Amino acid sequence: MNVLLVTVDSLRADRVDDRVMPFARSFADGALEFADCVANGPSTPASFPAIHASRHFASIEGLGIPESRDSSQATRSGGVVTLAERLRDAGYATAGFTDNHFASGSYHYDRGFDLMHDASGSAEAGKLKQFVQSNLDKDGPLFRIIERVYNRVDAAMATASGGDASEYERAESLNRRFLDWVDLLSDDRPWFAWLHYMDVHHPYEAPDEYQRRFLDAPRSVADCRRLSRKGTHHPEEMTDNEWETVRRLYDAECAYADDQFETLVGALEERGVRDETVVCLTADHGELVGEHGHAGHPPEFWEGVVRVPFVLDGVANEDESAYESGTVDGQIRLLDTAPTLADAVGVDAPTAWQGESALELARGEVDAREYAFGDVGRQVDYGRCYARRADGWKLLRHVDDGEFFFNVRETPDERPEDDRRKSNPTEYEALSAALDDHRERMRRLRSDDVAVDEDDEMVEKHLRDLGYME
């Protein structure tokens, strides 16, 4: 069986519905839909170690994953092993297609891939931006002038192009690159491919036809980017009308991604390989579109940020009969992605993986994963973290903002008045102890596995490129 993993950056679980993403909704209805999947981080850097290597972000020193080493040695020693490495060792052809710096070869996510298309470092404009940011003093007047001019020209050129230009390589283009790769495969080996759609990530600048589904008239690329910057960096200045526009622009991008996912699945059917391909649709994290006074995905762990879709299709039981479609209740984590896909094609999981197969839950062999944990960053000593228990209790630690304790089954909006630390001290103390234990285990693991230093100049550049810093 082939394996196709499609991750949609910043896609909230609640957008997989008939209103916004009707194809993804119908796809989920005919597949295994894990209705309570949560991310192990609120951002791409925090989530992708979990997706690709089944490792908590806080268990690796730095960003990304360590550089490649012999995967069989890593499997035996308990080090980092990627899904691509595991499947390639099992005889798979492998390819990845991305346009996110933090999910690229720069952070060693090319490990195990025969081919890695990384659009974030290939476009001429991107190369120019890299040169300027690498060779000029960031505190100097020349750098600030060039940066301001670049941002203005970038928006003007995108608007002049008729609205087709995008901050990122579109899903349509990544689909073509993937399908070209499939068409050129010259042997009968199974393949594993990963596509990471960036379209739903801010700024939301969907093609006009998709904006018209949700807005009276499409907004210019420059206006989309202005609203994105304002909502992300200055949310206190946003008006109610601007928040509503942001939500509709976000929905338009989700609708575009839905159409591209439909095209992708249809292309597999046209090539006669749909029935022999396991397809997984998920996201690295969700997104806020005005909730809690934020846009984007701040380093916080609200439900809108951590709840993601997880749909699995084309999987057979041990007796080679297909799983019945339907909703699988019970908490799983993005940490379970690699073990699940390996299980789906009968490949053993290495001991290095910290997650477990979600198919065990679908088969009724286990209960929901009792705990999900997430972390953000050495620079705050991983003090921004959370624990979410399968019964709905959830503890968030947001450093200077303090702690929050909710039962998200009862109060999914997570308002300050919903905090239950005082009224439910037993549950609070249990989750607090579990989170403390998790942090200590992650601290011990970090001493063995080192990736890209968070203070590296490349990291700051990539944060700016993706709109996280002004």
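No lab work stands behind these numbers, since they all come straight from the coordinates. Given the structure is predicted, the values throughout are model-derived calculations rather than measurements. Cβ coordinates were reconstructed from backbone atoms using ideal geometry, including for glycine residues, and neighbour counts include every protein chain displayed.
Determine the shape class of segment 352-419: with a ≥ b ≥ c the square roots of the Cα gyration tensor eigenvalues, call it rounded for a/c under 1.5, and otherwise prolate if a/b is greater than b/c, oblate otherwise.
Because a/c hits 1.5 or more and a/b fails to exceed b/c, segment 352-419 counts as oblate.
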Practice task
Answer with one residue from Ala362, Val376, His285: the one whose Cα lies farthest towards the positive end of the charge dipole of segment 252-382, charges on Cβ with Lys, Arg +1 and Asp, Glu -1.
Solution key: Val376
Exercise for the section: Give the residue from Gly272, Ile332, Ala316 lying farthest towards the positive end of the charge dipole for segment 263-350; charges sit on Cβ (+1 for Lys and Arg, -1 for Asp and Glu) and the dipole is referred to the Cα centre. Expected result: Ile332
Exercise for the section: Determine ³J(HN,Hα), in whole Hz, for all residues of segment 179-196 in sequence, where each value follows from phi through the Karplus function 6.51 cos²θ - 1.76 cosθ + 1.60 and θ = phi - 60°; x replaces Gly and Pro. Expected result: 5, 4, 5, 4, 5, 8, 4, 9, 10, 9, 5, x, 10, 10, 10, 10, 10, 10
Fill in the blank from the handout: Residues meeting the amide H criterion for Phe192 (H placed from the backbone, H to H distance under 5 Å, 5 or more places apart or on another chain) are Val3, Ala93, Thr94, Ala95
Handout entry: Equivalent ellipsoid dimensions for segment 229-350 as semi-axes, Å, which come from the Cα gyration tensor, largest first
Key = 36, 19, 11
Handout entry: Summed side-chain charge close to Leu264 - residues other than Leu264 whose Cβ falls under 12 Å, Lys, Arg +1, Asp, Glu -1
Key = -2
Exercise for the section: Could you rank the peptides 260-266, 199-205 by their average count of other C-beta atoms within 10 Å per residue, with the highest value first? Expected result: 199-205, 260-266
